[in-house]
Amino acid sequence: MIIYRLRCSNGHEFESWFKDSKTYERQEKKSVIGCAVCGDSKVKRAIMSPRIGKKGKIEVEMPAEAAPAPAPVPTPAQQSMAALARRMPKELREALLKVRAEVEKNCEHVGDKFAEEARKIHYGESDKRGIYGETTDEEAEALAEEGIEFGRLPWIPRGN
Ligand SMILES: [Zn+2]
């Protein structure tokens, strides 16, 4: 079987299957092929749209740099922090990384429950200890108003 893209004299294009190319030629001569849209029998083969076959492989030249490996998409916060880190002087970046390492070594990570946990510690509902985590600007402001001590530091990503 062979598929041909056909076009009638009215410009309609459609595809039709034939046993082989000879069958198609015979049917075309006899005008027995009707347009699928208007029934017109003046049908000719249209130019086949390119298809990827075994031989006719489509190759696209692309420099290696233009095709980067897919990387995990960083969150906007991580993106801006990474951008900030890139603009920082090397010494500052290293100092911040050192602080980060110290905090990670000595404090408990509480994730986004920082404000909640800091409040509990402040009011003696939780053991007094160093904690670190993420908080929103609003939460941080509320903590400051309640007189809860905490520090904020740019949590810059490790590596380059
Ligand atoms: Zn037609």
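The values are calculated or read from the model by the stated rules, or taken from the named source; none is laboratory data. All of these numbers come straight from a predicted model, not from anything done at the bench. Cβ placement follows ideal geometry from the backbone for every residue including glycine, while neighbour counts extend to all protein chains displayed.
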Among the residues of segment 79-128, the number that are within 15 Å of Leu153 (Cα to Cα) and aromatic (Phe, Trp, Tyr) is 1
Pairs returned, first residue in segment 117-134 that is part of a helix (DSSP H, G or I), second residue that is charged (D, E, K, R), beta-carbon separation under 6 angstrom, 6 or more apart or interchain, are Ile121/Lys128
Going by the conditions given, is Thr75 surrounded by fewer than 14 Cβ atoms within 10 Å (Cβ to Cβ), in the same structural domain as Arg158 (by TED's automatic domain parsing) and either modelled with pLDDT of 90 or more or β-branched (Val, Ile, Thr) (or both)? no
Matching residues in segment 1-48 (within 16 Å of the ligand (Cβ to nearest atom) and in a strand (DSSP E or B)) number 12
Within segment 9-50, the residues that are surrounded by 12 or more Cβ atoms within 10 Å (Cβ to Cβ) and of a type in the set (Phe, Trp, Tyr) are Phe14, Phe18, Tyr24
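Residue by residue through segment 113-133, note down the ones that are of a type in the set (A, V, I, L, M, F, W, C) and farther than 13 Å from Leu143 by Cα.
Looking only at segment 113-133, we keep the residues that are of a type in the set (A, V, I, L, M, F, W, C), and these are 114-115, 118, 121, 131.
Selection gives Ile131 alone.
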